[in-house]
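Take a look at the structure set out below.
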2 protein chains.
Amino acid sequence: MALSEFELIDRYFLHQETNRSDVVLGVGDDAALVRVPMDHDLVLTMDSLVAGIHFLSTWPAEDIAHKALAVNLSDLAAMGAEPAWATLSLVLPQIDENWIEGFCQAFYHLAKQFNVQLIGGDLSRGPTLTITLELHGFIPTGQAITRSGAQIGDLIYVTGALGESGFALHIEKHLSLFSDTVYRSVAHRLRRPMPRLAEGRVLRGLANSMIDISDGLAADLGHILEKSGVGATVIEEKIPIASPLKQHLSYDQAWNLALFHGEDYELCFTLPLKYQERVETLFTELQTDLHLIGHIDSQQGLRCQMRNQQVMNLEPKGYQHF
Amino acid sequence: MALSEFELIDRYFLHQETNRSDVVLGVGDDAALVRVPMDHDLVLTMDSLVAGIHFLSTWPAEDIAHKALAVNLSDLAAMGAEPAWATLSLVLPQIDENWIEGFCQAFYHLAKQFNVQLIGGDLSRGPTLTITLELHGFIPTGQAITRSGAQIGDLIYVTGALGESGFALHIEKHLSLFSDTVYRSVAHRLRRPMPRLAEGRVLRGLANSMIDISDGLAADLGHILEKSGVGATVIEEKIPIASPLKQHLSYDQAWNLALFHGEDYELCFTLPLKYQERVETLFTELQTDLHLIGHIDSQQGLRCQMRNQQVMNLEPKGYQHF
């Protein structure tokens, strides 16, 4: 006989490796109770992943769990916040204990790396596998890095490399065009993205604005520009297009995936010139690639200075997950 | 052309009537930022409603929105907490602006009554309409009323009347058996439950344990007994079976719906004898019906003293929403 909701919760959701001292009451009452440290703001983010929309139903439970937590962690990283507590709603088409066990293992594994404790949620039956995760963290009062603080003259930086996640999705949709080796070289960026929490944290008090790249660099930098009421110019040859794209795709394809696809979960931030050296040193210490791709200017809109010295307008369009 | 996620958020989710001063950053950044008052714990609850499982897809958007918020408010009521901020994930099979507008209107209407502000969330496309809501509130440190505090000798109380929600669902499933008039007399309890927040709040420092009745009185009182390591005896003739059930159903049917169905969102709590008079006076002032249905005892399990003076064991079973 299938286990009831309560039995499943007892078996898989009561016991975790993370036990935070600020959790007063975790899974198992009407609500969870936690303590936010003094002089800190609470930071909240929620994302849903739906089978067939955000992932293929052939993905293993482990990848789905990792991604659900990682994309929410990335939102906290983009504020410079410290993650702490998660709540999880699972809508399951059937009770497959192997699936739930795999999901929990991968979830707890990533959660432990960032000291996140699962403190509550909901299990429901439903025709479509849907995972909704809310992640709660905190940050010293007034230190959150929002999208709206970019200033004219700020330098624009991007971490890591762009486009691999989009390339992996492209291969999943057109499987025969690329070898398994190529797919495996980029699939982890689509299925197991690693959120940039340490990078976000060191930028407190330094970056004027920040966002994580979920919709694509053009769209996400566009959000910063819109919220900050400024414009920007980026330099074509500084955009960090990931190597596998350069190797296996035409330049146009690679460019499009790097700028307009998203799901890279890298950070894009703007920085006053005076902090350039300090931040570049901090990122060297973190061993995280950092790319200065342009600057904020007063002319509205997003422009790209191309290799041929022409300036092209970039549409702030992105991948429509919706 | 259908609106994009961003356009929908701009149109329906940025503007609300509730504007709390403790919201530093609401909808529209990577994450929301709020301030929990000093010397308070943060209280969190999350529930999902799935079309075809928790509501019929023929329900109007207004009922779905009300219910999604009400069931979460009820969880905070059961802790004695003060609601504050909501995050909402909507998975929509198609973009129907009328539907979204109706949903938002009813959501904001109920939210305003309890001073709740929507501060973030997620819009996704997906084959099954799914609403996941997280509600955040707070309570002075150490004053939350949990399921685990019941003491031997405590009186057991239930607010309001039981079974109407179950009766309404029963009619929805077997429509021809009852007239529209009968259905309308109970449907609001299924579709538009009113959470008992004021009642929960006045019990701070008085009730030893509390739960809201979502799975059925027997199951939910069972949760208190299990978490508190005690037993209980209730009195058959004190169980507040709602009048429409007595009027239109056999005694056995009415009894079963009142005890084992749930979704009534009444409160069940246990109280030291010394607070009996004080609490009964408080509830008279609130004009909320209150029923003393039994007491906590040392013998494990849940018993019912029947009209014929026999004592019957009650299974702590409830409605399986899962």
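Using DSSP, restrict attention to beta bridges with both residues in the protein assembly as shown and report what percent are antiparallel, rounded to the nearest 5. Counting only bridges with both partners in the protein assembly as shown, antiparallel ones make up about 75 percent.
Here the spin labels are modelled as points 7 Å beyond Cα on the Cα-Cβ line, and at B:Leu3 and B:Leu56 they lie 2.9 nm apart.
Note on A:Gln300 and A:Asp96: their simple-model spin labels are 5.0 nm apart, each label 7 Å out from Cα toward Cβ.
About its Cα centre, the protein assembly as shown has a charge dipole of approximately 100 debye under the convention of +1 per Lys or Arg Cβ and -1 per Asp or Glu Cβ, with nothing else charged. Here the Kirkwood formula puts the hydrodynamic radius of chain A at 20.7 Å, using every distinct Cα pair. A compact globular protein would have a Cα radius of gyration near 2.2 N^0.38 Å; the ratio found for the range A:183-322 is 1.04. With the largest listed first and rounded to whole Å, the semi-axes of the equivalent ellipsoid of the range B:48-202 from the Cα gyration tensor are 28, 23, 13. The mean sequence separation of alpha-carbon pairs under 8 Å and at least six residues apart, normalised by the residue count of chain B, gives a relative contact order of 22 percent. Distances over 17 Å make up what percent of all Cα-Cα pairs in the range A:251-317? Within the range A:251-317, distances greater than 17 Å cover 57 percent of Cα pairs. Mean projection of the Cα convex hull over all viewing directions, computed for the protein assembly as shown: 30.4 nm².
Distance between the pseudo-spin-label points of A:Arg20 and B:Leu292 (7 Å out from Cα toward the beta carbon): 4.3 nm. The overall shape of the range B:1-103, judged from the alpha-carbon gyration tensor, is oblate: a/c is not under 1.5, and a/b is no greater than b/c. Of all DSSP-defined beta bridges confined to the range A:230-322, some 60% are antiparallel rather than parallel. Taking 0.36 nm per residue of separation and subtracting the current Cα-Cα distance, fully stretching the chain between A:Asp39 and A:Glu277 would add 82.7 nm.
Relative to the longest principal axis of the Cα atoms of chain A, the long axis of helix A:61-77 makes an angle of roughly 50 degrees. Cross-link check: pairs A:Lys67/B:Lys227; A:Lys67/A:Lys173; A:Lys112/A:Lys238; A:Lys112/B:Lys317; A:Lys112/A:Lys227; A:Lys67/B:Lys173 evaluated at a Cα-Cα cut-off of 28 Å; pairs beyond the cut-off: A:Lys67/B:Lys227; A:Lys112/A:Lys238; A:Lys112/B:Lys317; A:Lys112/A:Lys227; A:Lys67/B:Lys173. The stretch between A:Gln253 and A:Gln113 holds 46.9 nm of extra length on full extension. This uses 0.36 nm per residue minus the Cα-Cα distance.
Here, the range A:167-266 has an Rg and a Dmax of 15.2, 48 Å when only alpha carbons are counted. Taking the square roots of 5 times each eigenvalue of the Cα gyration tensor of the range A:1-46, largest first, gives ellipsoid semi-axes of 28, 12, 10 Å. Using a/c under 1.5 as the rounded threshold, could you call the range A:84-123 rounded, prolate or oblate? The axes a ≥ b ≥ c are square roots of the C-alpha gyration tensor eigenvalues, and prolate needs a/b larger than b/c, oblate otherwise. Cα axes put the range A:84-123 in the oblate bin. Which semi-axis lengths, in whole Å and largest first, follow from the square roots of five times the eigenvalues of the Cα gyration tensor of the range A:89-147? Ellipsoid half-lengths, sorted descending, are 29, 15, 9 Å.
Values quoted throughout were computed directly from the atomic coordinates according to the rules given, and no laboratory measurement underlies them. Worth saying up front: this structure is predicted, and the values here are computed from it rather than measured. Neighbour counts run over all protein chains shown; Cβ positions are idealised from the backbone, glycine included.
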